[in-house]
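What follows is one structure encoded as structure tokens, with my remarks underneath.
The values are calculated or read from the model by the stated rules, or taken from the named source; none is laboratory data. Note that the structure is a prediction, hence the values are computed from the model and not measured. Don't worry about glycine lacking a Cβ; one is built from the backbone with ideal geometry, like all the others, and counts go over all protein chains shown. Note: areas computed on protein heavy atoms with side chains; ligands, DNA, RNA excluded. Shrake-Rupley method; radii C 1.70, N 1.55, O 1.52, S 1.80 Å.
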2 protein chains.
Amino acid sequence: MAGAVSSHGCRRLLGPQLRDLLIQKHCVLFDCDGVIWNGEKAVAGAPEVVGLLKKRGKRVFFVTNNCTRPRESYVQKFSRLGFKDVVQSEILSSAYCSAVYLRDVAKVQGKVYVIGCDGVHKELREAGVPFVEGETDVPGATIFDCPLDSDVRAVLVGYDDKVNFLKLAKACCYLRNPDCLFLATDRDPWHPLPRGRVTPGSGSLVVALETASERKATVIGKPSRFMFECIASQFGVDPARSVMVGDRLETDILFGSRCGLDTVLTLSGVSTLEQAQGYRDGRTTDKAICVPDYVVDTVADFLPALAR
Amino acid sequence: MAGAVSSHGCRRLLGPQLRDLLIQKHCVLFDCDGVIWNGEKAVAGAPEVVGLLKKRGKRVFFVTNNCTRPRESYVQKFSRLGFKDVVQSEILSSAYCSAVYLRDVAKVQGKVYVIGCDGVHKELREAGVPFVEGETDVPGATIFDCPLDSDVRAVLVGYDDKVNFLKLAKACCYLRNPDCLFLATDRDPWHPLPRGRVTPGSGSLVVALETASERKATVIGKPSRFMFECIASQFGVDPARSVMVGDRLETDILFGSRCGLDTVLTLSGVSTLEQAQGYRDGRTTDKAICVPDYVVDTVADFLPALAR
């Protein structure tokens, strides 16, 4: 269970065992990038697996730290990549869950100052959470003399490819108020781009603000448990009858373990079998919680278990 | 000595003891902001103290993490604030020392990619270190398609009030090359501004890039020892006959202790006597090295000791 007894982790799942596992589970959570697709290409067999799980009466959810798109754009991407009938309520992004947290948990009274992309803005707007966007282009404005909004009661930070010094400095000024919430969509440190390039992730901007404000952000995305709490409270899902499928040990597997779910590492993304076994067999105990219960090569390994 | 036996630290220095201390020392290092001036105002008595120290044959140096100005602009500031005859060679800034490090220690073969202000650019130019400035305004350019300079062999990061996403992302791309040096002027996390505002410091941008690159920067400014090594190698200064005067425990006092200097905390800046005594009397040993040997209210306390 949940990597607690690490010497039993990393078990290879083949057809019959997977069938047994799925009989016990009512709900399957998938990470997206590296698991069911890579960029604009579906992982082979993934659309069929998702379709068959639903056909067999399982609940399926997609849990992603990517905060750049609103959920409606994910619905389009699922459709474009051959996944049938994936609906908005099955998609949990860190942008959407940040909006839910601000509205339903923090019940923030005032505006949210946002460092982030369209995905965050649209989810906040849809959730009815008032916000101000960080300025991108105010010629000549400096942190010495720019206006600050006295209604700001929270700072939300996520991936923002238009971030600049003034945006960061304004966030620091708001965070001087200890009653101003400090929220982050996720801590993903960087992302690979084509041709060997990389881009800083949300986590890079989060630590910049944590350092400058000498505060710690509340993080919404995996491995924080909040995204599962959103699913559990909305759909009455039982963790003991749920399984998390992901490609990153420190994000997806840790998330699943923390939430009390069985965990499956798929080797189609970032983490490798050697890393998982190293955590299982290593002398340090702090990584034991990142050891997956099961391992598959790709989600296509689910297909035989779902055949009738 | 240097806070090693912490129960003996934080000794109040009065006239006769200060006179005895100064008899043993040939060299006095001062931090600037919060020690000899606050913003555009000299600390009362500071110009006289510096003048008298020199008159008594002491070597005086100014050691600052502020990388925004070139040393020539510090010379003007000293003069403007009433300090007589302070010359450029007595001023060690993190921008100047970064240029020295790149030229004389790293002997970097290629260009330096800079995230920083004029202070850094001018010192690099003066040291003859070739560099490229991070773009501030390239309409439409993105990290997907912008040009990267194949001659870049080092990334230097300091305070930059024109930093933006593309600058950070380009630095990350350069840092993918393990042979590309990763240098930071300093780790100051934030700076106070007028009217309760704050601005992120170099340290905020440094951790952003450390997170996104999964690398650690080599830091030039205090508390790293390199600025003292610059002084020692250029002027043959003996640490046992030198004293460091500063206002920040984790920066100035730690720097002095690490370099083997006696340390004096002045209470005219950031750190308080309570913090220093707390470190001295606390149960954790990791802060013992930040305990100053001596404490004064302001550098004006040196005046009676320097009178004839």
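B:VAL291 - would you say it is closer than 16 Å to B:CYS10 by Cβ, of a type in the set (A, V, I, L, M, F, W, C) and modelled with pLDDT of 95 or more? Walk me through how you get there before you give the answer.
Numbers: closer than 16 Å to B:CYS10 by Cβ: yes; of a type in the set (A, V, I, L, M, F, W, C): yes; modelled with pLDDT of 95 or more: yes.
It is true that B:VAL291 is closer than 16 Å to B:CYS10 by Cβ, of a type in the set (A, V, I, L, M, F, W, C) and modelled with pLDDT of 95 or more.
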Any residue that is part of a strand (DSSP E or B) and farther than 30 Å from B:GLY134 by Cβ - is there at least one of those in the range B:229-236? no
Can you tell me which residues in the range A:162-177 are at pLDDT below 95 and over 14 Å from B:PRO200 (Cβ atoms)? A:LYS162
I'm told B:VAL219 meets every condition in (1) in contact with a helix residue (DSSP H, G or I) (Cβ under 7 Å, 6 or more places away or on another chain); (2) within 14 Å of chain A (Cβ to nearest Cβ); (3) surrounded by fewer than 23 Cβ atoms within 10 Å (Cβ to Cβ) except one. Can you identify the failing condition by its number? (1)
I'd like to verify a number: residues in the range B:200-216 that are facing chain A (nearest Cβ under 7 Å) and either at pLDDT below 95 or open to solvent by 20 Å² or more (accessible area, probe 1.4 Å) (or both), how many? 3
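Can you go through A:PHE228, A:PHE235, A:PHE255, A:PHE165 and tell me which one is aromatic (Phe, Trp, Tyr) and in the same structural domain as A:PRO147 (by TED's automatic domain parsing)? Write out each step before concluding.
Values: A:PHE228 fails: in the same structural domain as A:PRO147 (by TED's automatic domain parsing); A:PHE235 fails: in the same structural domain as A:PRO147 (by TED's automatic domain parsing); A:PHE255 fails: in the same structural domain as A:PRO147 (by TED's automatic domain parsing).
A:PHE165 is the lone residue from the list that is aromatic (Phe, Trp, Tyr) and in the same structural domain as A:PRO147 (by TED's automatic domain parsing).
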Among the residues of the range A:252-273, the number that are assigned to a helix (DSSP H, G or I) and either touching a Leu at 6+ places or on another chain (Cβ under 9 Å) or at pLDDT below 95 (or both) is 5
Hey, A:MET244 hits all of (1) farther than 28 Å from A:VAL105 by Cβ; (2) crowded, with 22+ Cβ neighbours inside 10 Å but one; which does it fall short on? (1)
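Looking at the range B:55-89 only, could you name the residues that are assigned to a loop (DSSP other than H, G, I, E, B), among the β-branched types (Val, Ile, Thr) and farther than 18 Å from B:ARG125 by Cβ?
Restricting attention to the range B:55-89, the residues satisfying the condition of being assigned to a loop (DSSP other than H, G, I, E, B) are B:56-58, B:65-70, B:81-87.
Pick out the ones that are also among the β-branched types (Val, Ile, Thr) and you get B:68, B:86-87.
Of everything in the range B:55-89, those that are assigned to a loop (DSSP other than H, G, I, E, B), among the β-branched types (Val, Ile, Thr) and farther than 18 Å from B:ARG125 by Cβ turn out to be B:VAL86, B:VAL87.
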What's the number of the only condition in (1) closer than 29 Å to A:GLN24 by Cα; (2) more than 21 Å from the chain's Cα centre (by Cα) that A:PHE83 fails to meet? (2)
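Of these, B:LEU29, B:LEU14, B:LEU81, which one is touching a Phe, Trp or Tyr at 6+ places or on another chain (Cβ under 8 Å) and surrounded by fewer than 20 Cβ atoms within 10 Å (Cβ to Cβ)? Walk me through how you get there before you give the answer.
Details: B:LEU29 fails: surrounded by fewer than 20 Cβ atoms within 10 Å (Cβ to Cβ); B:LEU14 fails: touching a Phe, Trp or Tyr at 6+ places or on another chain (Cβ under 8 Å).
After ruling out the rest, the residue left standing is B:LEU81.
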